[in-house]
């Protein structure tokens, strides 16, 4: 998996490409820690190019949601592919983290 970080308005976007699984959890956790330690108040995880997510990936998202809520910060998910969206729905991830179809929608919610 490759992870690219970029700043947009008052948020940080992590663009993920590949699979979010147990084998690459360390890279994901490291990228999240880096933006969290930099004081990020709104993290947008772009899942547009994530083809597969296992239970470890789902667990990482759940923990990420809790960690950011404790810090009164926000996490948003962006454009998951249908298979990934279905897996997340089965694990109730959308009840913890909002999912958006456009970056603009995710940014607008934070501004409101």
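Since every read-out is calculated from the coordinates, none of them should be taken as a lab result. In this text the structure is predicted, and so the values were computed from the model without any measurement. A quick note on method: Cβ atoms are made from the backbone with ideal geometry, for glycine too, and the neighbour counts reach across all protein chains shown.
With the structure loaded, tell me whether residue 102 is surrounded by fewer than 19 Cβ atoms within 10 Å (Cβ to Cβ) and closer than 20 Å to residue 34 by Cβ or whether it fails that test.
No; evaluated as a whole, the condition is false for this residue.
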Give the residue that is surrounded by the most Cβ atoms within 10 Å (Cβ to Cβ), with candidates limited to residues of segment 57-78 that are over 19 Å from residue 10 (Cα atoms) and touching a strand residue (DSSP E or B) at 6+ places or on another chain (Cβ under 8 Å).
57
